[in-house]
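Read the figures in this text as sums done on the coordinates, not as results from a lab. What you see is a predicted model, and the numbers here were worked out from it, not measured in a lab. Heads up, the Cβs are rebuilt from the backbone with ideal geometry, glycines too, and the neighbour counts pull from every protein chain shown.
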Amino acid sequence: MSEQTLMAGPAAQAHEALRKRTVDGRGVADIRLMQVEDGAGRGQRLLLLRNASGIGLEIAADRGFDLSAATYRGVNIGWNSANGMPWPLHSVDAEGGIGFYRNFDGFLVTCGLDHIGGARVGDGERYIHKHRSQVYHPLHGRISGQRAQISGYGIDWQAKVPVIWAEAVIRQSAVFGENLVLTRRITLDVCGETVHISDRVENQGFRPTPHAILYHLNFGYPFLNEGTHISGDISPEHAAEFNVEPKCPENDFRDYYQDVPVISRGLCATVSLTSATPVGPVRASICYPRESLPSFGLWRAFQSGVYALGVEPARRFDAENAQAKGNVTLQAGDTAYYGITITLGAPVGAVQ
């Protein structure tokens, strides 16, 4: 009898049937809070998740509560750099605002909450303080470098669809500056293929604050390879261009970002990547709300020693035009909501 069959009935009955085979559930799912004890990341907290379908996740509690790793049936899906998840983090303000590159690592790196994109100096008059006439924004903002306060984690066996869950609060703040709070809940279906990230961003300060957010979803080897194919709600021209371009690691291949038009007419857009892997074909699909995340792009960095592909739904803030369409300024107490769903599994009809 499969885990899916055991969990198919009413929650209480299914849980009782499962407990007869694995009394605490660890035979099919687990979540543990760990601490790195060696290497560049020594001292940081990680939540390790594992489900019955072969999905494994790492949540980096001290790095914005982001997903530092993702695997499917033991195959690496996400991307890791030579930085090795450093801890403590390097200053994002260093090297002219590109200290982010000294920390950049992981499957999901959240960028924001008041700025995404290149380093720049912005207007700080809204904070009404003599030392805050300007605000310095490092590359991709500051939220990915903030420690989380963990609200809780566990496995909800009584839910209609049992899930592994973790929740935390991450704050980006400065005296006489912004006070933005991200509340994040991550769930992974116990017997399914779905990861859901639910975010709430609140301005807990008393001054208006520009708001921007980008979900930097990074794919690496062996999931990312020469045969990786893109499909879904993007323009056919851009999909065709990506699918035929060389994706071999070359030292002279420069990285670049490209805005990609989304053609979905629904409330959500879905973009999928499919690759041949050591366990057979695997598909990774990202579904995100078009209204709250109106921008989308691809980051290609196929050169040797990096070899990464970034899939990037985002909300931008055009600092040069405060009235630009899509700009969001969070007034005191304002809240913005986001939801990203990631599905990892075999393509429909694939034999594994």
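Overview of results
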read-out: Mean Cβ neighbour count within 10 Å, used as a protection proxy, ranking 294-300, 215-221 highest first; value: 215-221, 294-300
read-out: Estimated distance in nm for a label pair at Asp38 and Val348, the labels positioned 7 Å out from Cα along Cα-to-Cβ; value: 4.6
read-out: Separation in nanometres of the label points that stand 7 Å from Cα toward Cβ, at Glu16 and His229; value: 4.7
read-out: Sequence of Trp157, Trp79 once ranked by neighbouring C-beta atoms within 10 Å, starting from the fewest; value: Trp157, Trp79
read-out: In range of the label at Arg200: residues from the range 124-159 whose backbone nitrogen is under 18 Å from the point 7 Å along Cα→Cβ; value: 148-153
read-out: Whole-number Å³ per residue for the convex hull built on Cα positions in the range 45-84; value: 66
read-out: Label point 7 Å beyond Cα of Asp30 along Cβ direction - residues of the range 47-69 with amide nitrogen under 19 Å; value: 47-61, 68-69
read-out: Shape call, the range 215-275: gyration tensor on alpha carbons, a/c limit 1.5; value: prolate
read-out: Residue-span extension gain [Gln258 to Ile150] - 0.36 nm each, minus C-alpha spacing; value: 35.4 nm
read-out: Under-5 Å amide H pairs with Ala212, H placed in peptide plane, nonlocal only; value: Asp114, His115
read-out: Sorted by Cβ density within 10 Å, fewest first, the residues Val201, Val181, Val262; value: Val181, Val262, Val201
read-out: Over the chain: helical MRE at 222 nm, DSSP H runs n ≥ 4 each giving -39500 (n - 2.57), nearest 500; value: -2000 deg cm²/dmol
read-out: Cα centroid separation, the range 110-161 to the range 277-352 (Å); value: 17
read-out: FRET E, pair Ile98, Leu267, Förster distance 41 Å, beta-carbon r, rounded to 0.05; value: 0.70
read-out: Given (1) 22.7; (2) 23.3; (3) 21.2, the label whose value is Kirkwood radius over Cα pairs in Å derived from this model; value: (3)
